[in-house]
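Chemist: First the structure, which I've put down as structure tokens, then a few questions once you've had a look.
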Amino acid sequence: MPQPTIVILAAGKGKRMRSRKPKVLHEIMGRPMIECVVEAARQLSPSKIVVVTGHERELVEERLKNGELFFAAQEEQKGTAHALLVAEPMLDATDILILYGDVPLIKPETLQAFIQFFRSSQGVAFMTTEVDDPSGYGRVITDGDVIRDIVEDADADASQKKIREINTGICMLKKEMLPLVREIKNDNAKNEYYLTDICKVARTRGITVRGYHYNDPQEVLGINTRKELLNANQIMRERILAQHMDNGVTLAGEGIYIESDVRIGQDTVIFPFCFLRGKTIVGEGVTIGPHVVINNSVIGDGVTVEPFCSLDGLTAEAAVAIGPFARIRPTTVLKERVKIGNFVEVKNSVIQPKSKANHLSYIGDADIGTDVNVGAGTITCNYDGRKKYRTTIEDGVFVGSNTELVAPVKIGKDATIGAGSTITRDVPEGALAVTRVKQKHIEGYARRKK
Ligand code: UD1
Ligand code: CA
């Protein structure tokens with residue numbers, strides 16, 4: 001069977017979100033909801049995917065631009081039927097599957113089953129489900145698996161409002177049914193052309209519309225409000241956590257957030273209240289947390305991240321040890337077995353294997369060799385108020401505590417910096433550099449009494 005063309009409706013403003021941002025760009029576990037729908041659609045290998053955009057369409061299209069998608073512009077949002085017709089010139093397959101940009105939790109296997117069901121219909125089918133609280137949804141008036149009508153929330157009377165069988169929005173029709181869509185009128189509470197009114201039109205033609213009852217309402221949750229957004233995030237979060245546990249990751253308690261694109265290797269242990277974000281990739285046998293935030297980072301095998309660290313844009317090779325209380329900012333590379341201890345901040349720096357900065361330091365714009373010891377309280381002074389400069393520390397250097405390295409500056413191989421120094425000139429290989437004032441004693445000095 002040839003696969004359908006998929007149309008994703010995403011032109012609406014999403015008034016009920018009360019947001020400056022288009023609704024379909026609001027995120028579910030780090031992914032704009034429209035991307036969740038596109039991803040599910042893509043899994044079906046459709047003939048093509050057409051996204052109908054309108055409200056803030058530049059923003060939405062920009063976000064989706066790398067997806068080999070087609071876009072149809074709906075300049076004015078006159079309703080879901082109108083939105084579909086805007087896409088009509090781009091529809092090539094005989095079957096059309098319509099998805100809503102605000103129904104993001106849908107799984108491809110569910111859609112596949114629906115497509116199968118559709119093929120035994122007369123050319124129009126809706127996916128329906130039963131919910132505890134149907135408010136906001138179109139109520140489905142059924143007769144067995146035949147849909148007589150779908151009444152939108154705004155148009156439903158008191159008895160119709162009690163119906164708990166609702167329209168998920170997901171529907172399918174044969175291309176030859178499009179003339180019926182053109183006949184839909186907008187004489188309703190919102191003055192919109194409702195796609196759901198195809199049921200009325202079909203009935204006048206003696207065509208039966210069939211309903212595919214799906215029994216997991218959570219998966220077809222529609223998002224119109226911030227509350228529904230939270231609900232969807234919680235459902236997706238549970239799904240993601242279950243997937244990682246299936247893959248052999250230990251989640252040692254509550255409050256763990258892992259966004260959709262994060263990948264984690266086997267036997268990694270994550271303690272409570274950790275937040276793994278963006279395109280983070282974590283290796284095998286890693287220990288993280290509690291209370292750690294990691295964004296867009298690559299964490300090698302066997303790394304330990306102690307409590308209360310914030311890591312962003314980090315590449316850490318195997319067996320690196322970080323924290324507690326460390327902050328790493330983009331773009332930082334820590335090679336094998338580097339140790340970054342408590343209250344150390346590292347930014348835009350590369351640190352070679354086995355070097356250590358264990359306490360209270362700022363390392364910014366630095367290139368540090370292997371086996372370097374950066375003493376407590378060392379600071380790279382990388383900024384003169386106008387420009388940033390680099391600090392180079394070669395292999396085997398020992399930097400004494402409470403040292404300032406005023407960049408640009410280079411410390412030669414195996415050099416030693418005496419504690420409390422302010423280094424403003426390059427230090428030669430193997431040398432000892434000390435800049436502090438010599439200690440002197442004034443004998444017999446006593447503080448004057450009042
Ligand atoms: C819609 C359905 C309702 C269903 C519910 C499921 C209609 C008329 N109603 O209601 O039966 O229970 O979804 O979640 O279809 N859109 C456009 N252009 C428009 C209008 C909407 O592209 O002119 C897009 C929106 O961006 C959104 C989707 O279509 O992604 C649904 O629109 P929305 O206004 O949220 O419809 P609901 O009132 O939720
Ligand atoms: Ca909706």
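The values are calculated or read from the model by the stated rules, or taken from the named source; none is laboratory data. What you see is a predicted model, and the numbers here were worked out from it, not measured in a lab. FYI the Cβ positions are ideal-geometry reconstructions off the backbone, even for glycines, and counts take in every protein chain you see. When the accessible area is computed, the model is the full protein with side chains, heavy atoms only, and any ligands, DNA or RNA have been set aside. Shrake-Rupley method; radii C 1.70, N 1.55, O 1.52, S 1.80 Å.
Chemist: Using R₀ = 51 Å, calculate the FRET efficiency as 1/(1 + (r/R₀)^6) where r is the Cβ-Cβ separation of Gln122 and Ala252; round to 0.05.
Modeler: Values: r = 54 Å, r/R0 = 1.05.
Working from the Cβ atoms, E equals 0.45.
Chemist: Roughly how much of Phe273 is accessible, in Å² to the nearest 10, using a 1.4 Å probe?
Modeler: For Phe273, solvent-accessible area is about 100 Å².
Chemist: Equivalent ellipsoid semi-axes for the chain, as square roots of 5 times the alpha carbon gyration tensor eigenvalues: give them largest first, rounded to whole Å.
Modeler: Each semi-axis is √(5λ); the values are 62, 20, 20 Å.
Chemist: At a Förster distance of 45 Å, what's the computed FRET efficiency of Asp365 paired with Arg42, Cβ-Cβ distance as r, to 0.05? Mind dumping the intermediate values first?
Modeler: On the way: r = 41 Å, r/R0 = 0.91.
Calculated value: 0.65.
Chemist: Under 24 Å Cα-Cα from Lys388, which lysines qualify once same-chain neighbours fewer than 8 residues away are excluded?
Modeler: Filter leaves Lys335, Lys347, Lys356, Lys410, Lys413.
Chemist: Taking the Cα centre of the chain as the origin and placing charges on Cβ (Lys, Arg +1; Asp, Glu -1), which of Thr208, Asn296, Val434 is farthest toward the positive end of the dipole?
Modeler: It is Val434.
Chemist: Where Rh denotes the Kirkwood radius from the mean inverse Cα pair distance, what is Rg over Rh for the range 29-124?
Modeler: Reported Rg/Rh, Kirkwood definition of Rh: 0.95.
Chemist: Which trypsin sites (Lys or Arg not before Pro) in the range 128-183 pass both tests, a DSSP loop state and at most 11 other beta-carbon atoms within 10 Å?
Modeler: Answer by residue number: Lys162.
Chemist: Now for a separate question. How many lysine pairs does the range 124-241 hold where the Cα atoms are under 21 Å apart and the two sit 8 or more places apart or on different chains?
Modeler: 11
Chemist: Another question, if that's okay. Using just the C-alpha positions of the range 329-423 as equal point scatterers, what log10 of I(q)/I(0) does the Debye formula give at each q in 0.14 1/Å?
Modeler: Debye curve over Cα of the range 329-423, log10 I(q)/I(0) at q = 0.14 Å⁻¹: -0.40.
Chemist: Moving to a separate point now. Regarding the range 115-222, what's the average projected area of the Cα-atom convex hull, expressed in nm²?
Modeler: Working: hull surface 26.8 nm².
Quarter of the Cα hull surface area: 6.7 nm².
Chemist: Around Thr391, with a cut-off of 9 angstrom between Cβ atoms, what is the net charge of the other residues, counting Lys and Arg +1 and Asp and Glu -1?
Modeler: Neighbour charge sum, excluding Thr391 itself: 0.
Chemist: At a probe radius of 1.4 Å, what is the per-residue accessible area of Asp367, in Å² to the nearest 10?
Modeler: Number for this one is 50 Å².
Chemist: Counting other Cβ atoms within 10 Å, which chymotrypsin sites (Phe, Trp or Tyr not before Pro) in the range 376-450 have at most 12 and lie in a DSSP loop?
Modeler: Qualifying residues, ordered by number: Tyr445.
Chemist: Additional query: Summing Lys, Arg as +1 and Asp, Glu as -1, what charge do residues with Cβ under 15 Å from the Cβ of Asp301 carry, Asp301 excluded? Numbers along the way, then the final one.
Modeler: Details: positive: Arg263, Lys335, Arg337; negative: Asp267, Glu284, Glu317, Glu336.
Spelling it out: positives minus negatives among the neighbours equals -1.
Chemist: Check the straight Cα-Cα distances from Lys354 and name the aspartates and glutamates below 15 Å, setting aside those fewer than 8 residues away within the same chain.
Modeler: In chain and number order, the partners are Glu317, Glu336, Asp367, Asp371, Glu394, Asp395, Asp414.
Chemist: Can you give the extra length, in nm with one decimal, that the chain gains between Thr204 and Phe70 once fully stretched, where that is 0.36 nm per residue apart less the Cα-Cα distance?
Modeler: Residue separation times 0.36 nm, minus the Cα-Cα distance, leaves 44.9 nm.
Chemist: Can you work out the accessible area per residue across the chain, with the rest of the protein chains kept in place, probe 1.4 Å, in square angstrom? Mind dumping the intermediate values first?
Modeler: Numbers: 21890 Å² over 450 residues.
Each residue of the chain exposes 49 Å² on average to a 1.4 Å probe.
Chemist: Here's another thing I want to ask about it. Determine, at each q value in 0.24 (inverse angstroms), the log₁₀ of I(q)/I(0) that the Debye formula gives when each Cα of the range 145-189 is one equal point scatterer.
Modeler: Values returned for q = 0.24 Å⁻¹ are -1.12.
Chemist: Determine the distance separating the Cα centre of the range 11-27 from the Cα centre of the range 117-152; give it in Å without decimals.
Modeler: Here the answer is 26 Å between Cα centres.
Chemist: May I ask you to give the percent of accessible area on the chain that is carbon plus sulfur, with a probe radius of 1.4 Å?
Modeler: 49
Chemist: Additional query: Just to be sure I understand the model, the point goes 7 Å from the Cα along the line to the Cβ. What's the resulting Ala158 to Glu228 distance in nm?
Modeler: For Ala158 paired with Glu228, the spin-label model returns 2.6 nm.
Chemist: First select every other residue whose beta carbon is under 14 angstrom from the beta carbon of Lys65; then total the charges, Lys and Arg +1, Asp and Glu -1. Walk me through the numbers on the way to the answer.
Modeler: Numbers: positive: Arg57, Arg63; negative: Glu35, Glu58, Glu61, Glu62, Glu68.
With Lys, Arg at +1 and Asp, Glu at -1, the neighbours total -3.
Chemist: Give me the one-decimal nm value for the distance between modelled label points at Lys13 and Val269, 7 Å along each residue's Cα-to-Cβ direction.
Modeler: 5.3
Chemist: What is the log10 of I(q)/I(0) for the range 68-183, computed with the Debye formula using one identical point scatterer on each Cα and no solvent, at q = 0.09, 0.17, 0.20, 0.22 Å⁻¹?
Modeler: -0.26, -0.98, -1.32, -1.50
Chemist: Only Lys, Arg, Asp and Glu count, each charged at its Cβ (+1, +1, -1, -1), so figure out the dipole size of the chain about its Cα centre, rounded to 20 debye.
Modeler: On the way: 59 positive and 58 negative charges, 429 e Å.
The calculation lands at about 2060 debye.
Chemist: Specify the inter-centroid distance of the range 302-355 and the range 199-234, based on alpha-carbon positions, in whole Å.
Modeler: Centre-to-centre (Cα) distance: 47 Å.
Chemist: What length, rounded to one decimal in nm, is gained on full extension from Met90 through to Asp216, with 0.36 nm per residue of separation minus their alpha-carbon distance? Show your work: numbers first, answer last.
Modeler: Details: separation 126, 0.36 × 126 = 45.36 nm, distance 3.20 nm.
Full extension of this stretch gives 42.2 nm more.
Chemist: Enumerate by residue number the GluC sites (Glu not before Pro) in the range 1-89 meeting two conditions: DSSP loop (anything except H, G, I, E, B), and at most 10 other Cβ atoms within 10 Å of the site's Cβ.
Modeler: Loop-located and lightly packed - Glu68, Glu75, Glu76.
Chemist: Mind putting a number on the dipole of the range 145-273 about its Cα centre? Charges go on the C-beta only, +1 for Lys and Arg and -1 for Asp and Glu, and I need it in Debye to the nearest 20.
Modeler: Its charge dipole is roughly 520 debye.
Chemist: For the chain, what is the mean residue ellipticity at 222 nm derived from helices alone (per DSSP H run of n ≥ 4: -39500 (n - 2.57); sum divided by total residues; nearest 500 deg cm²/dmol)?
Modeler: Mean residue ellipticity at 222 nm (helix-derived): -4500 deg cm²/dmol.
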